[in-house]
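Written out below as structure tokens is the structure these notes cover.
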């Protein structure tokens, strides 16, 4: 990938609201080129979506999140893909990753309550053919999410220094 | 008896710091937005902080060799070789100092006789001239200006050298102007320096923060001058380590021996935990292509372009700075002096920038704005400056 595209990705991953005009200013490249690069990145699905990083802990929202380790039997010819697809289509599922190590799939699930997540695991996930076992871990507090610190850090520099 | 009578002449005669005076005004003000700092907004990378913590846990709380730990000196030596093609023997040519600031003092004290002249580009960092005066030397300014992008030109250098000239301080990339001396710029002054037997104290603390397509060039790369160069640098800017007070000096071994003599009697050694952290930073950087330094540099470079274009849009003229994290626009069009402008801006719009005159008389008509801030902070400050300038026109 070109250097300018890498830089665009770095800027947008920091703040997805940065406009092409602003990126042009920051990088010194013409705005038209930035627009073209972004269009290509979107076309190639390298940029998939623009979203906000939200600290839900600060809202009234009482929902919970759980990481579920899932062991499965891979299928002939299709490996883990079919089963992963069956899992990720549920609305509750936020992310699904194929993992190395002692289990196969890591499933991140959103739920309105612990009970709802427990129900999802027992009724929906465990019963899928090929799922051998699950282990559910609830997230208690997020400190850093996707490279963003969720706690405030203040600027404690002196205001004027040589 | 008046106790202040005991203060010696050389200290009493030092001019008060222009920055200090400004700091006193700003610190009484609430809700002020600052573009006034001379240090990175980044915190030292965690792996380096962690290395210091580990070193403390291991009970490494003692003096090190006067020179600094051999691990750190080897890392510095290797770093200078791979990054800038410079050769310094870690055994007797690399000294770990308490910030590059200590290096300035050591280099000057090691070479200055009373009455010797030391050339200092004007404007530049606030410490050089006072340090020269404290060793009984005479700081001689080489005026630089926006038209020549605050570089040292060979003619001006030649004109400034007299039979009493002992040294030239070469502080590029420059604080406060953001000016750099590219290889081509250095090539122009090399013949002058070759002609005259003077020491070149090259303060390259901002060397890593150079935004030209070609990397920072050091005067020490010129073989014919190498033995006369004292190279000063450190970790404060490139690794965001200002509070750790850790830097280094490199020079010919005979000159270094003199500097170490002063260092061992006055400082003993740089703090051991800072040395551990610095060593970690260099070792990691040499294995991952300086990822942390490069990522901070990219962030600064974006801010540089944003602030430069905004300042020009406001109608202030400004040459394009290619180094450090400062821009140095001219405010002459407002008809005010640097100090008036800064005080008024602070009073009316609560933005702190530093008057150019804090860095020497040639800074008159300019202000130093630092872009070691988040884009949001910079944009907030810029909006206020714009408002101030518009109000100024109406007044």
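The values are calculated or read from the model by the stated rules, or taken from the named source; none is laboratory data. In this text, all values refer to a predicted model and were calculated from it rather than measured experimentally. Because the Cβ atoms are built from the backbone with ideal geometry, glycine has one as well, and the counts that use them run over all protein chains shown.
Quick notes on this one:
- Checked against (1) surrounded by fewer than 24 Cβ atoms within 10 Å (Cβ to Cβ); (2) under 20 Å from residue A:158 (Cβ atoms); (3) out of contact with any helix residue (DSSP H, G or I) (no Cβ under 6 Å at 6 or more places or on another chain), residue B:312 meets all criteria but (2).
- Comparison of B:276, B:310 shows that the only residue that is over 23 Å from residue A:6 (Cβ atoms), within 14 Å of another protein chain (Cβ to nearest Cβ), touching a residue at least 24 places away in the same chain (Cβ under 8 Å) and outside any loop (DSSP other than H, G, I, E, B) is B:310.
- Within the range A:105-138, the set of residues being in contact with a strand residue (DSSP E or B) (Cβ under 7 Å, 6 or more places away or on another chain), in a loop (DSSP other than H, G, I, E, B) and surrounded by 12 or more Cβ atoms within 10 Å (Cβ to Cβ) comprises A:126, A:130.
- Given (1) at pLDDT 95 or above; (2) surrounded by 15 or more Cβ atoms within 10 Å (Cβ to Cβ); (3) more than 14 Å from every other protein chain (Cβ to nearest Cβ), number of the condition residue B:84 does not satisfy: (1)
- Each residue in the range B:233-264 was checked for being surrounded by fewer than 23 Cβ atoms within 10 Å (Cβ to Cβ) and part of a strand (DSSP E or B), and 0 pass.
- Number of positions in the range B:7-44 that are within 14 Å of chain A (Cβ to nearest Cβ) and assigned to a loop (DSSP other than H, G, I, E, B): 19
- Qualifying residue in the range A:29-36 (condition: away from chain B (no Cβ under 11 Å), in contact (Cβ under 8 Å) with a residue 24 or more places away in the chain, more than 24 Å from the chain's Cα centre (by Cα) and not in a loop (DSSP other than H, G, I, E, B)): yes
- Boolean, residue B:218 is touching a strand residue (DSSP E or B) at 6+ places or on another chain (Cβ under 9 Å), surrounded by fewer than 24 Cβ atoms within 10 Å (Cβ to Cβ), outside the structural domain of residue B:296 (by TED's automatic domain parsing) and at pLDDT 95 or above: no
- Selection of the range B:320-333 for residues being crowded, with 20+ Cβ neighbours inside 10 Å and under 22 Å from the mean Cα position of the chain (by Cα) yields B:321, B:322, B:323, B:324, B:325, B:326, B:327, B:328, B:329.
- The listed residue being under 18 Å from the mean Cα position of the chain (by Cα) and more than 22 Å from residue A:161 (Cα to Cα), out of B:126, B:118, B:98, B:140: B:118
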